[in-house]
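Everything below concerns the one structure shown next.
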Amino acid sequence: IYGSENFYLDAPLSLLISLILFFGVIFIGDFFQKTLINRINSYSFIKYNIFFSPIIGTYLIVFPLYILLIFEIYPIFFIKFFSYSIFVFGIANIYLNKKIYLKLIQSFKFNQSIETQVIILLFILLFLISASPITHSDSLDYHLNGALSFLNYGHFQKEILPMHSILASVGEIPLSIGLSLGGEQFGGIIQYASLFSLIPIFFRKKNKLFLIAILACPITLFLVSSPKPQLLFCVTTLLIFIFLIENFSKLKSKDIIITYLIGLFLLSITILAKYSFILSSSLLIIYSYLILLRKKIIFTPTILGLLIFVFTTLPYFYFKYKNFDTSLIHLFLSPLPLNIYG
C-alpha cells in the first residue's frame, strides 16, 4: 500500500496535474518578488520576474514543509494542504495571466537569430525529457522513496537502514507535493524550469552561445531527466555568484542587508537539499560577508547569519541528535550519523 504506483495518475493526467502545480509555484514566486524583492531599488530584473519565479516559489514552499517535517507537526496533512493550495494557485495563475503567457510564447518567433532558434529548440526538447516518467535508478530508489516516506510516515528517516534513504532531505519535498496529487513529473519539471532564470542573464549579456553550451551540456541532459534535487540548486548558486560579482557591492546599505539575508537563506536551504553544495555555498557566503566587511557593515550580517543558522540548519542538527544521538562535531562533518559503527 506504500508503493509508488499508488501515487501515480495515468497519463496524460499525471503530466497535466504536474503542469498546473508548476504554474502554482510560478504564482507564488511572482507574488513574492512583486511584494518584496522588487522594492529593492537597485534590483535590475523587475520585468523578468516570470523567469525567476520557479526557483523563488520552490524555496518558499520547501522551507515551511521542511520545518513541519522535522518537528512532525501534522506533516502529511500540510503536504496535502500545500499541494491543493498550489494547484488552486496554478489554475488561478493560468486564468488570470493567460494573455501574458500567450504574448510570451508569441514573442519567440522563428525569424530571429540562429542562436535564439537553437535556444528555443533546446528548451522544448529538454521540457519533453523532464515531462517523461521517472526512470533513473537512484531517483526510483532513494529520491522517490524519500518523497513517499514523507507522504506515508510524515517524517525524515529515523532508522539507520536503508542507509541511502537517510540522505533524503528538503530536495525531495517538491517530489512529494507532486506525488500527493498524482503528478509524477512535477519534481522533474521544477528542476527543468530553473533553467528559465538563465535567459535574462545571458540575453542581457548578449552571450547566447554560453547559454546554448549550458543547455546542450550532457550534464544538463542528465539532470533534467530526473527529479533528483541538483539542477535547481546548481542554477541558484550560479545566479547568486553572478549577482555577487556584478551587483551586490553596488547596492545601498538597506538594500544590501535585505539581499544578503535572501541569499544566505537560499544557500542554507541549498546545503540542506544536498550536502555537496556546502563547498560552493560556503564560498559564496564568505565572499558576500567580505564585501560587507569592506563596507564596514559587521554586526547586522553576523546576527542575520546566526538567525538563518537557527531556523534552517539547527532543526536538522536537532533531528539527527534526537534520532541517532549524533554529536555536534559529527553533524558538521557528514549528513550520515558517523557516531554509529560502520
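The values are calculated or read from the model by the stated rules, or taken from the named source; none is laboratory data. None of these values were measured; they are calculated from a predicted model. Positions of Cβ are generated from backbone atoms using ideal geometry, with glycine treated the same way; all protein chains shown enter the neighbour counts. For the accessible areas, the whole protein counts, side chains as well, though only heavy atoms, and no ligand, DNA or RNA atoms are used. Shrake-Rupley method; radii C 1.70, N 1.55, O 1.52, S 1.80 Å.
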Test item: Cα-centred dipole of the chain, Lys/Arg +1 and Asp/Glu -1 on Cβ, debye: 1640 debye
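Need the full-extension length gain, residue 241 to residue 125, defined as separation in residues times 0.36 nm minus the C-alpha distance. One decimal, nm.
That pair, residue 241 and residue 125, stretches by 39.0 nm at full extension.
For residue 152 and residue 113, what is the calculated FRET efficiency with R₀ set at 45 Å and r taken between the beta-carbons, to the nearest 0.05? Show your work: numbers first, answer last.
Values: r = 50 Å, r/R0 = 1.11.
So the FRET efficiency works out to roughly 0.35.
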Separation of the residue 222 and residue 81 label points, Cα + 7 Å toward Cβ, nm: 4.0 nm
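Please arrange 159, 246 by accessible surface area, largest first, computed with a 1.4 Å probe and ligands excluded. Working shown, then result.
Details: 159 120, 246 70 Å².
If we order 159, 246 from most to least accessible, we get 159, 246.
Per residue, how much accessible surface does the chain expose to a 1.4 Å probe? Answer in Å², no decimals.
Numbers: 16980 Å² over 342 residues.
Accessible area per residue: 50 Å².
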The chain shape via C-alpha gyration tensor axes, a/c threshold 1.5: oblate
Virtual spin-label span in nm between residue 214 and residue 34, 7 Å along Cα→Cβ: 2.6 nm
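Report the calculated FRET efficiency for residue 318 and residue 261 (r = Cβ-Cβ distance, R0 = 22 Å), to the nearest 0.05. Mind showing how you got there, number by number?
Working: r = 23 Å, r/R0 = 1.02.
The calculated FRET efficiency here is 0.45.
Grab the Cα-Cα distance for residue 96 and residue 286, subtract it from 0.36 nm times how many residues apart they are, and report the gain in nm with one decimal. Before the final figure, lay out the partial values.
Details: separation 190, 0.36 × 190 = 68.40 nm, distance 4.17 nm.
Length gained, residue 96 through residue 286: 64.2 nm.
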Label-zone membership for region 290-327, site residue 253, 7 angstrom Cα→C-beta point, backbone N under 15 Å: 292-301
Cβ charges +1 (Lys, Arg) and -1 (Asp, Glu), total dipole of region 89-200, debye: 640 debye
J(HN,Hα) series, region 79-96, from Karplus relation 6.51 cos²θ - 1.76 cosθ + 1.60, nearest Hz, glycine and proline x: 4, 5, 5, 4, 4, 5, 5, 5, 4, 5, 4, x, 4, 4, 5, 4, 5, 6
Carbon + sulfur, % of accessible area of the chain - ligands and nucleic acids excluded, 1.4 Å: 71 percent
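So what is the 222 nm mean residue ellipticity for the chain from helices alone, if each DSSP H run of at least 4 adds -39500 (n - 2.57) and you divide by all residues, rounding to the nearest 500 deg cm²/dmol? Mind showing how you got there, number by number?
Values: 17 runs with 223 residues, N = 342.
Computed mean residue ellipticity for the chain: -20500 deg cm²/dmol.
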Phi-based couplings in Hz for region 310-323 (Karplus 6.51, -1.76, 1.60; Gly and Pro marked x): 5, 8, 10, 7, 4, x, 5, 4, 4, 4, 5, 5, 5, 9
Computed lengthening from residue 2 to residue 74, 0.36 nm per intervening residue step minus Cα-Cα distance: 24.1 nm
Listed residue (163, 116, 196) projecting farthest to the positive dipole end of region 89-198, Cβ model: 116
